[in-house]
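Novice: Shown below is the structure under consideration.
The values are calculated or read from the model by the stated rules, or taken from the named source; none is laboratory data. Please read all numbers here as calculations on a predicted model, not as lab measurements. Using ideal geometry, Cβ is built from the backbone for each residue, glycine included, and neighbour counts are taken over all protein chains shown.
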Amino acid sequence: MVRVASLFSQLLSHFPRNEFQKLVNKHNAEFGAKGFTCWSQFVSMLFCQMAGAESLREISNGLKCCLGKLKHLGMVKAPPRSTLSYANANRPAGLFRDLYYKTFDHFQKQGGFGHRKKKFRFKNKLLSLDSTVISLCLSLFPWAEFRRAKGGVKVHTMLDHDSYMPNFVQITRAKLHDVNIAYKLQLNPGSIIAMDMGYTDYELYAKWTKQGVYFVTRQKKNAAYKVIDERKPPINSNIMADETILFTGYITSKKCSYKLRRVVVWDELKERELVLLTNNMTLGATTISAIYKDRWEIELFFKMLKQNLKIKTFVGTSENALMIQIWTALIALLLIKWLHFLSKARWSISNLASMLRLNLFTYRDLMKWINDPWNTEPVTPKPKQLALPLPVFGQPKPMQTPT
């Protein structure tokens, strides 16, 4: 069935209005609202991300230009700048956070976002943990003080390598250390989590080892340890050493008394040694090295987020408005990644995002458009005017027979 609606309207159909209203009621987000609904606010902020709007003025004017097409979006009219600004500053950002997780589950049930690029033999859940700092102007965002002349917030992310999309996100001020977030994670036994050296915490290592959670990280250069056992490295590999160690430092030995595994890998690209630390004693050394190498996918995720969506310039200066804009950016990325997975055109994420930006309000079938965007004919809406049987001038009317 051909849908006579814009591409933007078809994207919004993945957010059922009844489910969205349940989230609104849960957060009591429309308390005291006078006409401007949370749905209109969400559509406006999603338009900001998908269309690349730089300010409240661009959001308002951009929607006003499409006034005849807003009915398909569930909006009556474009919001004024002041109305949207007030809503972003006062309505709870938790509504958009919950909407992100609900959308993530929705797409996972429909087939997900793809599969692991690196094929591993183990069936354990593979995760990556990292954070990225979004820099802010301290004079405009005084609440986000980070350094002497710089503000910022952190987006803490745990990436699921089954879909290469985050199944956990927390936005905090940039001053908060990454380890504080790692302690809050609820990981299933058997999971493997890869992280960089910024998450070095020996009590955390002991906690995860006790819970049956495996980690792969880098070891600090000044860590004091002793070698208990050595394994022979695989032949013709970049593994230089594979050892079982115990920490011997006075404090570290008390915080983590478990045996750990030290794997030394030669990085041919940068010509240096990488010393990896893990509590997994069964996987091969080359697999441990491949797990840490696959951690680079979370860096690619941050790059994709910052290059294709609006999280560097913000349309509001309050903390709540900034949170809403980041959560809507993550929701928009879910949509783009899902379309990229379904598409057969083999284009990049950045090209798909830019093409959507140029065709948001064109009338085309979305599924056909993502497969063949250049040869898909626009959908022409059928006329709604009914044809009246008017008589033709110059011809006599048919005579009616008397009854």
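Novice: Within segment 337-351, can you find the residues that are part of a helix (DSSP H, G or I) and either within 16 Å of the chain's Cα centre (by Cα) or charged (D, E, K, R) (or both)?
Specialist: Matches in segment 337-351: Lys337, Trp338, Leu339, His340, Phe341, Ile349, Ser350.
Novice: Is it the case that Glu30 is surrounded by fewer than 21 Cβ atoms within 10 Å (Cβ to Cβ) and in a helix (DSSP H, G or I)?
Specialist: The answer is no for Glu30.
Novice: Could you say whether any residue in segment 272-279 is touching a residue at least 24 places away in the same chain (Cβ under 8 Å), exposed (fewer than 13 other Cβ atoms within 10 Å of the Cβ) and among the β-branched types (Val, Ile, Thr)?
Specialist: Scanning segment 272-279, I find no residue that is touching a residue at least 24 places away in the same chain (Cβ under 8 Å), exposed (fewer than 13 other Cβ atoms within 10 Å of the Cβ) and among the β-branched types (Val, Ile, Thr), so the answer is no.
Novice: Just to verify a result, which residue in segment 52-97, among those that are touching a strand residue (DSSP E or B) at 6+ places or on another chain (Cβ under 9 Å), in a helix (DSSP H, G or I) and modelled with pLDDT under 95, is nearest to Leu330 (Cα to Cα)?
Specialist: Leu73
Novice: Let me ask you something else. Among the candidates Thr282, Thr317, single out the residue that is of a type in the set (S, T, N, Q), over 13 Å from the mean Cα position of the chain (by Cα) and surrounded by fewer than 16 Cβ atoms within 10 Å (Cβ to Cβ).
Specialist: Criteria check complete, one pass: Thr282.
Novice: Output the residue which, of all residues in segment 221-269 that are under 25 Å from Asp294 (Cβ atoms) and loosely packed, with under 12 Cβ neighbours inside 10 Å, is nearest to the chain's Cα centre (by Cα).
Specialist: Looking at residues that are under 25 Å from Asp294 (Cβ atoms) and loosely packed, with under 12 Cβ neighbours inside 10 Å, I get Leu269.
Novice: What's the total number of residues in segment 64-91 that are small (Gly, Ala, Ser), surrounded by fewer than 16 Cβ atoms within 10 Å (Cβ to Cβ) and either touching a residue at least 40 places away in the same chain (Cβ under 8 Å) or under 27 Å from Glu319 (Cα atoms) (or both)?
Specialist: Residues that pass the stated criteria total 2.
Novice: Sticking with this one: Answer yes or no as to whether Leu305 is crowded, with 22+ Cβ neighbours inside 10 Å and under 20 Å from His156 (Cβ atoms).
Specialist: No; evaluated as a whole, the condition is false for this residue.
Novice: Got a sec? Which strands (runs of 3 or more DSSP E) wholly within segment 228-336 have at least 1 residues that are under 22 Å from Tyr164 (Cβ atoms)? Reasoning before the result, please.
Specialist: Numbers: elements: 239-247, 260-267, 272-278.
Correct list: 272-278.
Novice: Which is crowded, with 19+ Cβ neighbours inside 10 Å, touching a residue at least 12 places away in the same chain (Cβ under 8 Å) and more than 20 Å from Leu277 (Cα to Cα), of Ala144, Ala194?
Specialist: Among Ala144, Ala194, only Ala144 is crowded, with 19+ Cβ neighbours inside 10 Å, touching a residue at least 12 places away in the same chain (Cβ under 8 Å) and more than 20 Å from Leu277 (Cα to Cα).
Novice: Among the listed residues Trp327, Trp374, which satisfies the condition of being at pLDDT below 90 and among the aromatic types (Phe, Trp, Tyr)?
Specialist: Trp374
Novice: In the set Ala223, Ala241, which member is of a type in the set (A, V, I, L, M) and touching a residue at least 24 places away in the same chain (Cβ under 8 Å)? Break it down stepwise before answering.
Specialist: Details: Ala241 fails: touching a residue at least 24 places away in the same chain (Cβ under 8 Å).
Answer to the selection: Ala223.
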